[in-house]
Ligand code: PMV
């Protein structure tokens, strides 16, 4: 039977984390480390998954058991992506939440779609799931695009985004979908949840340096921590979100005009606001200090906080010094290409 491989990029949040969950814009860039999924249709009603990067090997279950029983952590996103594709595109059931409505385009299809009896999937990552580059969302996108291609459903990017975002929400319960947008569309995006605005910012690259803290962060835990703070102190948190939203608008202008000095200052301001939200950690504070002391335009944590990565923007001639500054603070520099292509068929 025919096979298809799709890859999708990881992501880094540049500006606007947390506030984006509450309706403010953010800016995200797709990174060169990619996730891959190879999909093959089977003529028996079985779901098979090999995902060695997340310690899933020889995982198998009947197609009618998708989404039920204990799903191993590493299999969740792929399994739920297949289940959602079956239910929403092949069987054409109602899609909730609202954001997944356009998936209805696949309703009632026959032909190859009807022949999706079983499926075998292998995923492979070019990056550690520890970095917080969004491996779960990227693999969800890869799987949905691959099944869409191999069955001839030919969902467009919007429908792939909606179905992948629904899958992430089914599992995580919350999230803005910025990571799904980066995986589908690639590039650098100005994004408003739930995909209300997905606007590519046309730039070839960004002089970004990425430092990994060595600490694994749990996004949902951090989001919950912030929402607890908002319950205790609603006005303060609302003001922070509004200020972050304003910074994002300014950052958009600075990115488009390649005004790295201003962009660096905006990164520093965004970092201060994230500190006020209580999501920075000492390790980040030191790495950021190291990067700035070595001549970076600016630096901030990237993502939910509590761990994963920080980013710095650096003049070309200071690149090595900034990397050394991050390393001296105990960080690990990760070579990353920013603003890369979105999900694509590999063969
Ligand atoms: O931790 P990450 O890299 O997945 O980023 C989370 C960003 C948040 O704004 C906190 C959540 C979200 O879904 O936008």
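Quick notes on this structure:
- Every test in (1) more than 15 Å from the ligand (Cβ to nearest atom); (2) under 19 Å from the mean Cα position of the chain (by Cα); (3) surrounded by fewer than 19 Cβ atoms within 10 Å (Cβ to Cβ) is passed by residue 246 save one, and that test is (2).
- Candidate set: the range 264-300, residues that are in a strand (DSSP E or B) and buried (at least 24 other Cβ atoms within 10 Å of the Cβ); chosen: the one farthest from the ligand (Cβ to nearest atom): 299
- Members of the range 9-30 found to be under 16 Å from residue 301 (Cα atoms) and in a strand (DSSP E or B), listed by number: 11, 12, 13, 14, 15, 26, 27, 28, 29
- The single residue among 222, 189 that is within 14 Å of the ligand (Cβ to nearest atom), outside any loop (DSSP other than H, G, I, E, B) and either closer than 14 Å to residue 29 by Cα or touching a helix residue (DSSP H, G or I) at 6+ places or on another chain (Cβ under 8 Å) (or both) turns out to be 189.
- The set of residues in the range 312-338 that are under 16 Å from the mean Cα position of the chain (by Cα) and surrounded by 23 or more Cβ atoms within 10 Å (Cβ to Cβ) is empty.
For (1) surrounded by fewer than 24 Cβ atoms within 10 Å (Cβ to Cβ); (2) at pLDDT 95 or above; (3) within 12 Å of the chain's Cα centre (by Cα), each residue gets a yes or a no:
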{"site": "1", "(1), (2), (3)": "yes, no, no"}
{"site": "11", "(1), (2), (3)": "no, yes, yes"}
{"site": "15", "(1), (2), (3)": "no, yes, no"}
{"site": "23", "(1), (2), (3)": "yes, yes, no"}
{"site": "37", "(1), (2), (3)": "no, yes, no"}
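- Filtered by the rule that a residue be touching a helix residue (DSSP H, G or I) at 6+ places or on another chain (Cβ under 7 Å) and closer than 19 Å to residue 116 by Cα, the range 53-69 gives 59, 66, 67.
- Among the criteria (1) within 12 Å of the ligand (Cβ to nearest atom); (2) outside any loop (DSSP other than H, G, I, E, B), the one residue 184 does not fulfil is (1).
- Subset tally (residues that are under 22 Å from residue 150 (Cβ atoms) and surrounded by 15 or more Cβ atoms within 10 Å (Cβ to Cβ)) for the range 54-64: 4
- Within the range 117-161, being within 16 Å of the ligand (Cβ to nearest atom), touching a residue at least 40 places away in the same chain (Cβ under 8 Å) and assigned to a helix (DSSP H, G or I) holds for 129, 130, 131, 135, 136, 137, 138, 139, 140, 141.
- Filter result for the condition that a residue is modelled with pLDDT under 95 and either under 23 Å from the mean Cα position of the chain (by Cα) or within 19 Å of residue 188 (Cβ to Cβ) (or both), over 216, 252: 216
- Candidates 303, 307 - the one that is over 18 Å from residue 188 (Cα atoms), buried (at least 17 other Cβ atoms within 10 Å of the Cβ) and either within 16 Å of the ligand (Cβ to nearest atom) or not assigned by TED's automatic domain parsing to the domain that holds residue 270 (or both): 307
- Every listed requirement among (1) farther than 26 Å from residue 143 by Cα; (2) exposed (fewer than 14 other Cβ atoms within 10 Å of the Cβ); (3) within 12 Å of the ligand (Cβ to nearest atom) is met by residue 173 save one, (1).
The values are calculated or read from the model by the stated rules, or taken from the named source; none is laboratory data. As the structure is a computational prediction, the values presented were derived from the model and not from experiment. FYI the Cβ positions are ideal-geometry reconstructions off the backbone, even for glycines, and counts take in every protein chain you see.
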